[in-house]
Amino acid sequence: MADRPTIIYLWGFMGSGKSFLGKQLASALHIPFVDLDEYIENHHKKTIAEIFDEVGEQAFRKWETDALHECSKVLLSYTEKGRAGLNYAGVVSCGGGTPCFHDNIHFMKAQGRTVWLNPPLDVLVLRLQKERAHRPLIADISPDTLTEFISERLNQRSPYYRQADLIISPAEHVDEILNGL
Ligand code: S3P
């Protein structure tokens, strides 16, 4: 266990259950939960789809890194001020691409512990088939090529995700994470 409060960052492909499990984890530990996509949406008053549409992915990645730094700082300062003695300052559910851009991995590893939620490919496909519309990266992918797209993208991202301190597959219960950290 770290000698100062740290943040738990959840990584994983879209549909891997980061937000769902992150909320459970934060509630089990009685610490704040931040969904990074929601944080960006609230800050810029736009949905992720609107951001991709209006400013493009490159600008989104910059905003994502800014949000990551900002929310981490807020979580840590909140803990240091009000709840000293806690081992974990909060849980951050990252976007699927967060660990893959702008040296975000290095930043997160310096602030806390990182967990890759890695369910099987067929589980991801099943979940994402239902949610294509509001996910800009897959909104235009036809259902019959979705599996191929996810598989390729997952292969590209695995070298980043694999750097997590803990890999959970499939991610079903918070105890798996708590026992592993
Ligand atoms: C993205 C995943 C999304 C969101 C954006 C880009 C990605 O987050 O950040 O659409 O690059 O995989 P979720 O993984 O929370 O859906």
Only unsatisfied item for Glu148, checking (1) charged (D, E, K, R); (2) over 16 Å from the mean Cα position of the chain (by Cα); (3) within 13 Å of the ligand (Cβ to nearest atom), is (3)
Within region 29-39, the residues that are part of a helix (DSSP H, G or I), under 17 Å from the mean Cα position of the chain (by Cα) and touching a residue at least 40 places away in the same chain (Cβ under 8 Å) are Leu36, Asp37
Considering residues that are within 16 Å of the ligand (Cβ to nearest atom) and crowded, with 20+ Cβ neighbours inside 10 Å, the number found within region 15-32 is 8
Within region 130-145, restricting to residues that are touching a residue at least 12 places away in the same chain (Cβ under 8 Å) and within 14 Å of the ligand (Cβ to nearest atom), the one that is surrounded by the fewest Cβ atoms within 10 Å (Cβ to Cβ) is His134
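Only the coordinates and a few stated rules stand behind these numbers; no lab work does. These numbers were taken from a predicted model, which means no experiment stands behind them. Counting neighbours? That spans all protein chains shown, and the Cβs are built from the backbone with ideal geometry, glycine included.
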